[in-house]
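Let me begin by presenting the structure, written as structure tokens, before commenting on it.
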Amino acid sequence: MALSATQTATIASLIEAEAHRQGPLLPILHAVQQALGYIPADAVPTIAKALNLSRAEVHGVISFYHEFRTEPGGQTTVQVCRAEACQARGSRALEAHAKQALGLEYGETSADGSVTLEAVYCLGNCACGPSLRIADEVYARVDAGRFDQLLSRITGRGDAV
Amino acid sequence: MSIRLFLPQDTTACALGANEVASALLAAAAERDMDIELVRNGSRGMFWLEPMLEVEEDHQRHAFGPLTTDDVDLLLRCLLDDLSVHPRYLGPTEAIPYLQQQQRLTFARAGIGDPLCLDTYTRLGGFKGLQRALQMDGQQIVDEVKSSGLRGRGGAAFPAGIKWQTVLDAQSAKGQKYIVCNADEGDSGTFADRLLMEADPYQLIEGMLIAGLAVGATRGFIYLRSEYPRAFKILQQAIERAEQAGYLGADICGSGKTFELEVRLGAGAYICGEETSLLDSLEGKRGMVRAKPPLPAIEGLFGQPTVVNNVLTLAAVTTVMAEGADYYQNYGMGRSRGTLSVQLAGNIQRGGLIELAFGATLRQVVEEFGGGTFSGRPVRAIQVGGPLGAYLPQQHWDTPLDYEAFAAIKAMLGHGGIVVFDDTVDMADQARFAMEFCAVESCGKCTPCRIGSVRGVEVIDKVRANVERDNNLILLRDLCDTMEAGSLCAMGGMTPYPVRSALDYFADDFQR
Ligand SMILES: Cc1cc2nc3c(=O)[nH]c(=O)nc-3n(C[C@H](O)[C@H](O)[C@H](O)COP(=O)(O)O)c2cc1C
Ligand code: SF4
Ligand code: FES
């Protein structure tokens, strides 16, 4: 899908804003993903050219990091912590519940585009797991009931409560 | 007169509802026309008491917690009357045994004030180390750090002073050396870096400044994991304020010395906590582990001499410089000098940060501080040192927290994370996860790590399904040996540790 004129302009201005940094590629990729929700394939040649890199190099970097996505995600990203300290507090049950409640596997986005489900490995809330992150907020001691309650807030659906 | 209250803005405190309590407090106070000042401090690290509110009265802080919005009304009434009648009253904060029994050096200031207030920082002893460093030359600073015995807190426990000496002695072709702070804190069960950055960010800045003065570096980067959005905001603001106040920039405190600092975000890759992978990532590349030599101290960021240190290592340097090497190295045992910031996590009643001189036992920490499991069931396994650390059974819980003592039982202290599991844990699950995690997070450079971990998951699945169980158990051990011997870094090289510990100490779990 070709970029819209606004997207092209956004990408150009973000590159300009970050290019003065030493090692500017990650800051640029973060900025693009933050602004557009993902890093469109068509942004790669522009970024590569601006930084004097090959497309393959830029693509290689995007694909290396779990966080960068090349397809639009849902409006809200829900991350379930899968790491050990949360496992010790029942995150395996939480992740099963989350997948079932959303009808999604990790990395998938709901059909209505509202939610993307992701795995994460530690949110630094290990003393009070299981931990969940929704957008930039972390939630502690999340069980199935609490998950449904938080979910209903973002989907606006009452049925999950 | 207004009443001063403190409620943390820390990630865990907020995850437990601190923001909701704050709003409820402000609303209820307004309704009663009560004049309160609500400071959003960092956390004291007693996470099981969060959201924990403190009240300042006659120069003493009194604590309440854990609070919910329902506690707020009565709390305001008690503030005007008798604090102690509130059911959540905990007494004077400093007298809470969990806090009182610690030896807080690095975390002494955590949770006392607004993390961004420079006056608070200086009033509580901040920048004392920097001021002293500014009076010394690079070699004198390095010597002080060397004689403190400080070892890296990121996992490998390498002596910080020796690393600094290498960077001080190194020649930079471009005349540029760097200080890189490793704030990737990827280990499950660890949150001390985050707590420090959210509660006392100037301490990290001060530590990096001292490192810069010591080795002659004028630029610094903090590589922060993107899973810490709150710490990111706080660090950015702290850097800005420190620049405005003349602590960072072209003329540090009027000394004529320069230090520029920037915080950079990772992008969700555990391996980028490994120092050479981190440097590649900072340069804008895939986070591939580099072969050593050359050491980063000689050819690091952009090929220039670079100090890479963990957040807590750099923070500890401020104590070493402010109080002197002797003061610092008086704490600890053997070759583990100073304090260890234990992070008690997982299935635990009283989880949180416990800073102690090296030498306390695992059992003391888990039982006396932690109060046993959250579930109330017996503890069965304790994983120390993150995902590459061994799972320890009861017979090893009396091991003192000391780098060498842990190495002797094929375990590691690492970054000080302690994750407690109760008796419902299935250790075959845990072994499988260790392999799975390695498969997900491997940088891909070495075959034993990249492919071996995928095989490891398959083999464990066969063992559990009772497909040629005995042969597959032998195969699993072989695989562990191959990974350990044939991997470039500890990702592939130490994933066998949790796996073998599960096999050795919890063999029954593989026979079900
Ligand atoms: C797979 C792997 C992950 C690591 N993750 C971290 C980390 O998240 N934070 C950290 O400080 N050190 C981490 N390290 C250790 C660093 O490579 C390095 O030893 C450390 O940053 C040096 O600083 P220090 O001497 O102050 O500990 C990791 C090492 C490996 C092999
Ligand atoms: S052991 Fe694994 S993570 Fe480490 S360098 Fe090799 S492939 Fe990369
Ligand atoms: S392990 Fe889940 S927050 Fe750290």
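Considering only the range A:1-43, state which residues are part of a helix (DSSP H, G or I) and charged (D, E, K, R). I'd like the intermediate steps shown before the answer.
Looking only at the range A:1-43, we keep the residues that are part of a helix (DSSP H, G or I), and these are A:5-18, A:25-36, A:43.
A:Glu16, A:Glu18 - these are the residues of the range A:1-43 that are part of a helix (DSSP H, G or I) and charged (D, E, K, R).
If I filter the range B:461-509 down to residues being within 14 Å of chain A (Cβ to nearest Cβ) and within 16 Å of ligand 2 (Cβ to nearest atom), which single residue comes out as most open to solvent (accessible area, probe 1.4 Å)? Among those that are within 14 Å of chain A (Cβ to nearest Cβ) and within 16 Å of ligand 2 (Cβ to nearest atom), it is B:Tyr497. B:Gly376 fulfils the conditions (1) in contact with a strand residue (DSSP E or B) (Cβ under 6 Å, 6 or more places away or on another chain); (2) open to solvent by 30 Å² or more (accessible area, probe 1.4 Å); (3) in a loop (DSSP other than H, G, I, E, B); (4) not aromatic (Phe, Trp, Tyr) except for a single criterion, (1). In the range B:177-191, the residues that are farther than 16 Å from B:Leu314 by Cα and more than 15 Å from ligand 3 (Cβ to nearest atom) reach residues that are of a type outside the set (D, E, K, R) and assigned to a loop (DSSP other than H, G, I, E, B) with C-beta atoms within less than 9 angstrom, at least six apart or across chains, in these pairs: B:Lys177/B:Ala170; B:Lys177/B:Gly216; B:Lys177/B:Ala217; B:Lys177/B:Thr218; B:Lys177/B:Gly300; B:Lys177/B:Gln304; B:Lys177/B:Pro305. Restricting to the range B:321-343, name every residue that is open to solvent by less than 20 Å² (accessible area, probe 1.4 Å) and farther than 22 Å from B:Arg44 by Cα. Those that are open to solvent by less than 20 Å² (accessible area, probe 1.4 Å) and farther than 22 Å from B:Arg44 by Cα: B:Met321, B:Gly324, B:Ala325, B:Ser336.
Does B:Ala29 fit the bill of being within 14 Å of another protein chain (Cβ to nearest Cβ), open to solvent by less than 40 Å² (accessible area, probe 1.4 Å), touching a residue at least 24 places away in the same chain (Cβ under 8 Å) and part of a helix (DSSP H, G or I)?
So B:Ala29 fails the test.
The set of residues from the range B:435-460 being of a type in the set (A, V, I, L, M) and within 9 Å of another protein chain (Cβ to nearest Cβ) comprises just one member, B:Val440. Taking the range A:27-84 as the range and being among the charged types (D, E, K, R) and within 24 Å of A:Tyr106 (Cα to Cα) as the test, the residues that pass are A:Glu67, A:Arg69, A:Glu71, A:Arg82, A:Glu84. Only residues that are more than 9 Å from every other protein chain (Cβ to nearest Cβ) and within 27 Å of A:Arg133 (Cα to Cα): list them for the range B:247-268, please. The one that is more than 9 Å from every other protein chain (Cβ to nearest Cβ) and within 27 Å of A:Arg133 (Cα to Cα): B:Val263. Only a single item in (1) of a type outside the set (Gly, Ala, Ser); (2) within 21 Å of B:Tyr228 (Cβ to Cβ); (3) in contact (Cβ under 8 Å) with a residue 40 or more places away in the chain; (4) away from ligand 3 (no atom under 16 Å from the Cβ) is not met by B:Phe259, and it is number (2). Applying the condition of being surrounded by fewer than 24 Cβ atoms within 10 Å (Cβ to Cβ) and away from chain A (no Cβ under 14 Å) to the range B:298-312 and asking which residue is farthest from ligand 2 (Cβ to nearest atom) yields B:Ile298.
Please work out which residue is nearest to the other protein chains (Cβ to nearest Cβ), limiting yourself to the range A:5-17 and to residues that are surrounded by fewer than 18 Cβ atoms within 10 Å (Cβ to Cβ) and hydrophobic (A, V, I, L, M, F, W, C). Steps first, answer last, please.
The first filter runs over the range A:5-17 and keeps only residues surrounded by fewer than 18 Cβ atoms within 10 Å (Cβ to Cβ), leaving A:5-10, A:12-13, A:16-17.
Next, only the ones that are hydrophobic (A, V, I, L, M, F, W, C) stay: A:5, A:9, A:12, A:17.
Values: A:Ala5: 27, A:Ala9: 23, A:Ala12: 18, A:Ala17: 14 Å.
Among residues in the range A:5-17 that are surrounded by fewer than 18 Cβ atoms within 10 Å (Cβ to Cβ) and hydrophobic (A, V, I, L, M, F, W, C), the one nearest to the other protein chains (Cβ to nearest Cβ) is A:Ala17.
Filter the range B:269-292 down to the residues that are acidic (Asp, Glu) and within 12 Å of another protein chain (Cβ to nearest Cβ), then identify the one that is surrounded by the fewest Cβ atoms within 10 Å (Cβ to Cβ). Here the answer is B:Glu283. Examine the range B:172-192 for a residue that is open to solvent by less than 30 Å² (accessible area, probe 1.4 Å), farther than 25 Å from B:Val384 by Cβ and at pLDDT below 95, and state whether such a residue exists. There is at least one residue in the range B:172-192 that is open to solvent by less than 30 Å² (accessible area, probe 1.4 Å), farther than 25 Å from B:Val384 by Cβ and at pLDDT below 95.
Looking only at residues of the range A:18-43 that are open to solvent by 40 Å² or more (accessible area, probe 1.4 Å) and within 14 Å of chain B (Cβ to nearest Cβ), we find that the one that is farthest from B:Leu279 (Cα to Cα) is A:Gln34.
The values are calculated or read from the model by the stated rules, or taken from the named source; none is laboratory data. Note that the structure is predicted; figures quoted are calculated from it, not measured. Cβ coordinates were reconstructed from backbone atoms using ideal geometry, including for glycine residues, and neighbour counts include every protein chain displayed. Note: accessible area is taken over every heavy atom of the protein model, side chains too, but ligands, DNA and RNA are not part of it. Shrake-Rupley method; radii C 1.70, N 1.55, O 1.52, S 1.80 Å.
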